[in-house]
Amino acid sequence: MKRLFYFALVSTLIFVACGGDDSSNPFVASEDLSSSSLIPIEVLSSSSKGDPGSMAGRTSSSRMDSVGSSSSQKDKSSSSVVKSSSSFRMSSASLPSSSSREVSISSSSVRNDKLSSSVVLVSSSAIVASSSSNAAEGVTGFMTDERDGQTYKIVKIGHLWWFAQNLNYETVDSHCYNDSAEYCAKYGRLYKWAAAVGKSEDECGYRHECNLTLPVQGACPPGWRVPSNYDWNDLLVTAGGDDVAGEVLRDSKEGGFALLYAGRINFAGEFVQEGRSACIWSSSETDEYDGYYADFYYSYDKVMFPNEAEKYDGYSVRCVKGEL
């Protein structure tokens, strides 16, 4: 009997020491997560060119039409046919910016600022802008567009004055979201690229490369311009970099850039993404098919810039003035 007892005890100890299959351990299963199952945010910033009717030629914003996700059927692998926005990245070292210095503006210096007679300052505040501050609050004011009498809030971020509202000046090939005037009053108008830069479709539209000389007034009021890639780069650096600028520039408080998520008009002429995306043109041209733009999403802090879009898409315009 003792022998039988000892034999059973030894067998039990051997079984416990060897253990069972790891698959029965829930912690092993939960730790077996591959990063390949995660969708990198960089895929949202890629783009390609193609025919208007081709799904293979859609930009990243077109792939976000339904739910703002890169899992849409329109999505394409960034490693196969598209170029990452990082390949277009402008080095802040080669462009004027506030990343290497702190800019302090006092009330007295604001009163001496040289502005057009149509700009009336209503408030002033000190600003410290640097890439490490993650802040972009500036001096605010208003300007009136003498062409149609509309008044816009403006903000000085770094050393440039920006519209703190989307442009709402009516031109050929510009539209209100859903063709409704109430959306124009809320979000401004959506412009084809040629309309944004003040040219006809025959001059600068899809399949027409026009090689504009900067600065480009375009649809903006006299003395103002459609921001080029240099202007956008300066703004994003001042806001702390493209990884956080989407959150910083979302600010609608006094002194904020006040992003408006106006949506856009896609290649099929559909109004999409109202309240979710802010696609704003640059005056910089990619080629005869595409123009550059800054791509903001309400649910992301990162800015997709510079991104490319077909010139027939309808995007917002922000105007800017000042020397870089």
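Assorted remarks:
- Spin-label pair Leu214-Tyr300: with each label point 7 Å from Cα along the Cα-Cβ axis, the two points sit 2.3 nm from one another.
- Here r is the Cβ-Cβ distance between Glu323 and Thr151 and R0 is 25 Å; the resulting FRET efficiency, rounded to 0.05, is 0.55.
- Each residue of segment 304-316 is assigned a 3J(HN,Hα), and the resulting list reads 8, 8, x, 9, 10, 8, 4, 5, 8, 5, x, 10, 7 Hz, derived from the Karplus form 6.51 cos²θ - 1.76 cosθ + 1.60 (θ = phi - 60°), x at Gly and Pro.
- Computed about the Cα centre, the dipole magnitude for segment 261-316 is approximately 300 debye when only Lys and Arg (+1) and Asp and Glu (-1) carry charge, each at its Cβ.
- Fewest-first ordering of Ser283, Ser200 by other beta carbons within 10 Å of each residue's beta carbon gives Ser200, Ser283.
- Percentage relative contact order, segment 153-280, counting C-alpha pairs under 8 Å, at least six apart: 21
- Residue pairs, from the table Lys186/Lys253; Lys153/Lys302; Lys199/Lys311; Lys186/Lys311; Lys186/Lys321, whose Cα atoms sit over 19 Å apart: Lys153/Lys302; Lys186/Lys311; Lys186/Lys321
- Evaluated with a Cβ-only charge set (Lys, Arg +1; Asp, Glu -1), segment 185-258 carries a dipole of roughly 340 debye about its Cα centre, given to the nearest 20.
Just so you know, all these numbers are worked out from the coordinates, no wet-lab data involved. Everything numeric in this text was worked out from a predicted model, so none of it was measured. Cβ atoms come from the backbone with ideal geometry, glycine included; neighbour counts cover every protein chain shown.
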